[in-house]
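Have a look at the structure below, then the notes.
The values are calculated or read from the model by the stated rules, or taken from the named source; none is laboratory data. Bear in mind that the values here come from a model prediction, so they are computed numbers and not experimental data. Neighbour counts run over all protein chains shown; Cβ positions are idealised from the backbone, glycine included.
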Amino acid sequence: MDISRFLNDLLHELSQLDFIDNIDINFEIVILKGRIYCKRDSTLIEVYFNEQTGTEAFALISNGKRIWGIDFDNIRGWHEHPEGNPDDHKLVSAKDVAEIIKRLAEIYLLLNDNNGDNDH
């Protein structure tokens with residue numbers, strides 16, 4: 001996948017979520033780095049994509065700590081950092097951006113429900 005397709009897919013999926021407040025994306029030729037800020041002040045999504053290596057990384061961060069993540073790299077392949085134990089590496093099948101954002105949204109909403117927030 002090239003960087004423009006990745007960005008297009010990412011923005012399309014994020015546009016479906018009503019809890020996104022602001023998107024900050026930076027490019028370094030074939031690398032995309034992004035921070036997506038959620039309406040809940042202490043929560044954000046970090047995104048990384050490298051067109052040359054195919055590396056993808058998504059992390060849901062709350063209060064400065066990773067809550068959940070999913071990554072692809074050439075060493076470990078696709079792996080998830082599951083909620084409840086985000087330092088763990090659980091091998092998973094390949095995911096596209098739509099599947100990743102859907103799962104991320106589910107975890108974000110659970111996080112808000114557990115904290116009594118209703119900003120979604």
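Matching residues to (1) at pLDDT below 95; (2) closer than 27 Å to residue 8 by Cβ; (3) under 12 Å from the mean Cα position of the chain (by Cα):
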residue: 70; (1), (2), (3): no, yes, yes
residue: 74; (1), (2), (3): yes, yes, no
residue: 89; (1), (2), (3): yes, no, no
residue: 99; (1), (2), (3): no, yes, yes
residue: 102; (1), (2), (3): no, yes, yes
residue: 118; (1), (2), (3): yes, no, no
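Within the stretch 40-52, being part of a loop (DSSP other than H, G, I, E, B) and at pLDDT 95 or above holds for 51, 52.
Residues that are in contact (Cβ under 8 Å) with a residue 60 or more places away in the chain and not in a strand (DSSP E or B): does the stretch 53-76 have at least one?
First pass over the stretch 53-76, keeping only residues in contact (Cβ under 8 Å) with a residue 60 or more places away in the chain: none.
Within the stretch 53-76 (the criterion being in contact (Cβ under 8 Å) with a residue 60 or more places away in the chain and not in a strand (DSSP E or B)), the answer is no, since none of the residues qualifies.
Name the residue that is nearest to residue 58 (Cα to Cα), counting only residues in the stretch 14-39 that are assigned to a strand (DSSP E or B) and acidic (Asp, Glu). Out of the qualifying residues, it is 24. Within the stretch 77-93, being in a strand (DSSP E or B) and surrounded by 11 or more Cβ atoms within 10 Å (Cβ to Cβ) holds for 77, 78, 79, 80, 81, 90.
Looking only at the stretch 1-34, count every residue that is within 21 Å of residue 52 (Cα to Cα), of a type in the set (Asp, Glu) and in contact with a helix residue (DSSP H, G or I) (Cβ under 6 Å, 6 or more places away or on another chain) and tell me the total. Outline the logic, then answer.
Pass one, the stretch 1-34, residues within 21 Å of residue 52 (Cα to Cα): 1-11, 25-34.
From what is left, the residues that are of a type in the set (Asp, Glu) are 2, 9, 28.
Pick out the ones that are also in contact with a helix residue (DSSP H, G or I) (Cβ under 6 Å, 6 or more places away or on another chain) and you get 9.
Qualifying residue count for the region: 1.
Summed over the stretch 1-40, residues that are closer than 25 Å to residue 113 by Cα, acidic (Asp, Glu) and surrounded by 12 or more Cβ atoms within 10 Å (Cβ to Cβ) total 2.
Here residue 47 meets the list (1) on the phi > 0 side of the Ramachandran plot; (2) β-branched (Val, Ile, Thr); (3) surrounded by 14 or more Cβ atoms within 10 Å (Cβ to Cβ) almost entirely, failing just condition (1). In the stretch 41-52, the residues that are under 15 Å from residue 4 (Cβ atoms) reach residues that are assigned to a loop (DSSP other than H, G, I, E, B) and charged (D, E, K, R) with C-beta atoms within less than 7 angstrom, at least six apart or across chains, in these pairs: 51/2.
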